[in-house]
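Encoded as structure tokens, the structure appears first; notes follow it.
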Amino acid sequence: MEQLTLGISEKSETIIIADGLNGFRIELVKKIGSNDISELIDVSEVLVKKYSESAKLTKKTITKYFNKNTFPFIARYNNKIIGYIIGVPLEYFRKEGWAHYDKNLGECNTIYTYAFVVKEKFQKRGGYSKSLKKIYLNWVRKQNYNFITGHTELGIAKNFSSDTETVKIFPEWYGSKVSFEYYRRPIKKEISS
């Protein structure tokens, strides 16, 4: 049944990008459905614990990040959502002040990683986070984007690749009480991490 107030259908429309034998699968979300909203909100609690309540997905904000202009991938384990990563063309953020620090704004060659989160129970275990990230990066590369950007805690981006550069440091990022860096990473033909 269609939810008229939010324009959200009952069932998500997804494309399976990777399907493992152990019950792990990664899907590209074409249209979010009400069947997945509460699980996605639950996963976003990881961000609330680490940063602030403003990082949490809600029924009102979910369509801002899961829509036809974004590239949201979800990871499922035994049919339950355990994580997600959301890519967005940089131009989607042209009204945001931070986006103007990026020389590629307007070039249509950059994907901004809005969020990358995996439930604590599945972090650093079984390769779930690494697999989700690798599949996302490879998918972005196949769409002919040249750069991946995003915000991460200060010092983390240097671990991505030797070509990753810090574009701008933000001493406080939306009330998180943690310094963040805006990074840019070129996409190579073959991605190793």
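Being modelled with pLDDT under 95, open to solvent by 80 Å² or more (accessible area, probe 1.4 Å) and within 25 Å of Arg185 (Cβ to Cβ) holds for only one residue in Tyr92, Tyr65, and it is Tyr92. Could you tell me whether Lys158 is assigned to a helix (DSSP H, G or I), out of contact with any Gly (no Cβ under 7 Å at 6 or more places or on another chain) and modelled with pLDDT under 95? Yes: the conditions hold for Lys158. Pick from the stretch 151-191 the residues that are under 16 Å from Ile111 (Cα atoms) and touching a residue at least 60 places away in the same chain (Cβ under 8 Å): which of them is surrounded by the fewest Cβ atoms within 10 Å (Cβ to Cβ)? Filtering the stretch 151-191 for residues that are under 16 Å from Ile111 (Cα atoms) and touching a residue at least 60 places away in the same chain (Cβ under 8 Å), the one surrounded by the fewest Cβ atoms within 10 Å (Cβ to Cβ) comes out as Val167. Could we say that Tyr136 is in contact with a helix residue (DSSP H, G or I) (Cβ under 9 Å, 6 or more places away or on another chain) and either free of Cβ contacts under 8 Å to residues at least 60 places away in the same chain or assigned to a helix (DSSP H, G or I) (or both) here? No, not satisfied.
Of the residues Thr152, Thr110, which single one is among the β-branched types (Val, Ile, Thr), at pLDDT 95 or above, out of contact with any His (no Cβ under 8 Å at 6 or more places or on another chain) and more than 16 Å from Val43 (Cβ to Cβ)?
Working: Thr152 fails: at pLDDT 95 or above.
From the options Thr152, Thr110, the qualifying one is Thr110.
Hey, among the residues in the stretch 29-43 that are of a type in the set (Val, Ile, Thr) and in a helix (DSSP H, G or I), which one's farthest from Ala18 (Cα to Cα)? Lay out the reasoning, then the answer.
Just the residues of the stretch 29-43 that are of a type in the set (Val, Ile, Thr), to begin with: 29, 32, 37, 41, 43.
Checking the rest, the ones that are also in a helix (DSSP H, G or I) come to 37, 41, 43.
Details: Ile37: 21, Ile41: 23, Val43: 20 Å.
By that ranking, first place goes to Ile41.
In the condition set (1) modelled with pLDDT under 95; (2) open to solvent by 80 Å² or more (accessible area, probe 1.4 Å), Val48 is compliant with all but (2).
Taking Leu21, is it closer than 25 Å to Gln123 by Cα and surrounded by 15 or more Cβ atoms within 10 Å (Cβ to Cβ)?
On the way: closer than 25 Å to Gln123 by Cα: yes; surrounded by 15 or more Cβ atoms within 10 Å (Cβ to Cβ): no.
The answer is no for Leu21.
Okay, residues lined up against (1) open to solvent by less than 10 Å² (accessible area, probe 1.4 Å); (2) free of Cβ contacts under 8 Å to residues at least 40 places away in the same chain; (3) part of a helix (DSSP H, G or I):
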{"site": "Gly83", "(1), (2), (3)": "yes, no, no"}
{"site": "Gly87", "(1), (2), (3)": "yes, no, no"}
{"site": "Ala99", "(1), (2), (3)": "yes, yes, yes"}
{"site": "Tyr114", "(1), (2), (3)": "no, no, no"}
{"site": "Lys124", "(1), (2), (3)": "no, yes, no"}
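The values are calculated or read from the model by the stated rules, or taken from the named source; none is laboratory data. Worth saying up front: this structure is predicted, and the values here are computed from it rather than measured. Every residue, glycine as well, gets a Cβ built from its backbone with ideal geometry; the counts of neighbours run over all protein chains shown. To get the accessible areas, we keep the full protein, side chains included, count just its heavy atoms, and leave off ligands, DNA and RNA. Shrake-Rupley method; radii C 1.70, N 1.55, O 1.52, S 1.80 Å.
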